[in-house]
Amino acid sequence: MLSFFQSTIYVQISPDRLSMRDVKSGQSISEVPELAISASPNQKILGTGAEARSAAASQSGAIVVNPFAHPRSLVSDFTVAEQLIKAFLSRLMGGSIFKMSPEIVIHPQGSPDGGFTQVENRAFRELGLGAGAAKVILWQGDDLTDQEIQSGQFSSRGRVCD
């Protein structure tokens with residue numbers, strides 16, 4: 001059962017979309033999973049999501065990276081993926097330093113041949129923890145409803161991964 005006092009965030013990850021929803025407040029973000037980074041050596045984050053491309057266009061040498069777009073693995077750049085999830089969480093939660101770390105349910109979208117590997121599952125879990133989650137639950141299966149997440153009674157058409 002998820003904590004009454006903490007925010008619980010449902011995160012769906014795909015190469016085309018990064019979606020987050022606070023299951024208690026209903027607030028959500030759903031945008032292209034891109035991050036604009038300035039040129040070396042300082043590599044500052046210039047923009048995320050829908051703003052990434054225009055932010056990169058305004059600075060010479062900047063690049064746009066989608067850390068979830070790779071033909072063999074859903075996570076192609078762990079560091080960028082972690083920064084992107086952290087930035088989306090900050091936008092969703094308002095960035096207050098006084099808020100408790102959220103509990104996150106991460107739901108990688110898609111079904112690769114043979115399923116996600118143990119290495120990929122660990123990467124998803126570490127992404128959530130690195131982005132500031134107090135607890136990460138990794139879900140593979142059908143999309144979850146807010147009620148399923150709040151009750152901890154997930155659909156029988158999927159599984160919580162260890």
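Of all residues assigned to the stretch 66-84, at least one qualifies as being in contact with a Ser or Thr (Cβ under 9 Å, 6 or more places away or on another chain), of a type in the set (Ser, Thr, Tyr) and either under 17 Å from Ile106 (Cβ atoms) or surrounded by 16 or more Cβ atoms within 10 Å (Cβ to Cβ) (or both).
Screening Arg122 against (1) part of a loop (DSSP other than H, G, I, E, B); (2) more than 19 Å from Leu18 (Cβ to Cβ); (3) under 17 Å from the mean Cα position of the chain (by Cα) leaves a single unmet condition, (1). Pairs meeting the criteria (first residue in the stretch 67-80 and hydroxyl-bearing (Ser, Thr, Tyr), second residue in a loop (DSSP other than H, G, I, E, B), beta carbons under 6 Å, at least 6 apart or on different chains) are Ser76/Pro67; Ser76/His70. Condition check for Ala50 on (1) among the aliphatic types (A, V, I, L, M); (2) surrounded by 17 or more Cβ atoms within 10 Å (Cβ to Cβ); (3) under 26 Å from Pro108 (Cβ atoms): one failure, at (2). When the residues of the stretch 88-110 are filtered to those that are surrounded by fewer than 19 Cβ atoms within 10 Å (Cβ to Cβ) and in contact (Cβ under 8 Å) with a residue 24 or more places away in the chain, the one that is nearest to Leu46 (Cα to Cα) is Arg91.
Of all the residues in the stretch 7-42, those that are over 12 Å from Gln109 (Cα atoms), part of a strand (DSSP E or B) and not hydrophobic (A, V, I, L, M, F, W, C) number 7.
In the stretch 70-112, the residue that is farthest from Ile37 (Cα to Cα) out of those that are part of a loop (DSSP other than H, G, I, E, B) and of a type in the set (Ser, Thr, Tyr) is Ser111.
All of (1) assigned to a loop (DSSP other than H, G, I, E, B); (2) touching a helix residue (DSSP H, G or I) at 6+ places or on another chain (Cβ under 6 Å); (3) under 18 Å from Ile149 (Cα atoms) hold for Pro67 with one exception: (3). Of everything listed in (1) assigned to a loop (DSSP other than H, G, I, E, B); (2) in contact with a helix residue (DSSP H, G or I) (Cβ under 9 Å, 6 or more places away or on another chain); (3) not acidic (Asp, Glu), the single unmet condition for Ser60 is (2). Within the stretch 128-149, restricting attention to residues that are in a helix (DSSP H, G or I) and touching a strand residue (DSSP E or B) at 6+ places or on another chain (Cβ under 7 Å), the residue that is modelled with the lowest pLDDT is Ile149.
The values are calculated or read from the model by the stated rules, or taken from the named source; none is laboratory data. Everything numeric here is computed off the predicted structure, so don't read it as measured data. Here the Cβ is made from the backbone with ideal geometry for all residues, glycine too, and neighbour counts use every protein chain on show.
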